[in-house]
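Here, each number is a calculation from the coordinates, and none is a lab measurement. Computed from a prediction, not measured in an experiment: that's the story for all the values here. Because the Cβ atoms are built from the backbone with ideal geometry, glycine has one as well, and the counts that use them run over all protein chains shown.
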Amino acid sequence: MPNPFFRQLGLGLLLAAALPAAEPETFTRDLKIRWGMALGSQDNLRPAAFSFGLNLGFRLGEGTLGAELGYHYKTGDGFVVPVQGEAPAGLEKVNHAKAGDSRRNQVDGLAVRVSWSQPLREDWSWQVGAMLGGTRFRHEYVGDVQGEHWEDGNAHSWRDTYSGTPVKGGLTISPYAGTTWRLSRQSSLEFNVLALNYKALNYVHAPGSGVYLDSHHGTGLIADHNAFPADRLETKTRFVPHVEIGYVLHF
């Protein structure tokens, strides 16, 4: 079933395109579609990024003030992280051969771009701006960690299971600068360098930190799911450079 956001945004773009054209000296409207590529890898996100939006331009003197509403998306592949730390004294060591902690990250969300552009020469112009938002960070994790001999009757055995999907949103500011090459009255190409700013999340589990009880299934001691008060969620601020190429359709 189509995502309601994409359905509503698509309808809005079609309605905007159907509006009568305004005076070109004072007002412009554009549909912008961009493909980005990161210059470095962070947080197991894919290098590629995608964004699109409806931009309204207001001519002020020699330049144009732009306001764009759109969507920014950057996904990631699944990955596995090693168990950090050791179990407390009195409990068995971590069985790394049977430890599993899989993760997946994603950055996406609604974005507002504010820009200022001026003619450079002939069909070229330069622009500077900032993307506000569009960088909601979603962190998925599923973990299952146990001691070396997790079995029935072993008072020193233990097993931890945990999972979650924390999200970090809020207002972020990602500055960018670039140029635009006007191909015709109806279209242009846009080239930008964007410093993508987001808050990355990382769940850190403390192995063997739960309250362990008999599982009543003929196996070792096990803690309640997600019952680990010593666990923590780390947050780090990122600025990741991206090169963007965009196609601009002028209405």
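Points worth noting:
- Exposed-loop-free span, longest in the chain, where GluC sites (Glu not before Pro) count as exposed if DSSP calls them loop and at most 10 other C-beta atoms lie within 10 Å: 123-251
- At q = 0.08, 0.18 Å⁻¹ the log10 of I(q)/I(0) for the chain amounts to -0.46, -1.27, computed by Debye summation with a single uniform scatterer per C-alpha, solvent ignored.
- When its C-alpha radius of gyration is set against 2.2 N^0.38 Å (N residues), the range 108-251 gives a value of 1.73.
- Backbone N under 11 Å from the Val128 label point (7 Å along Cα→Cβ), restricted to the range 171-203: 176-178
- By the helix-only formula, in which each DSSP H run with n ≥ 4 contributes -39500 (n - 2.57) and the sum is divided by residues, the chain has a 222 nm mean residue ellipticity of -2000 deg cm²/dmol.
- Cα gyration tensor category, rounded, prolate or oblate, for the range 197-251 with a/c compared to 1.5: prolate
- Listed residue pairs exceeding 25 Å between alpha carbons, taken from Lys32/Lys74; Lys98/Lys236; Lys74/Lys236; Lys93/Lys199: Lys98/Lys236; Lys93/Lys199
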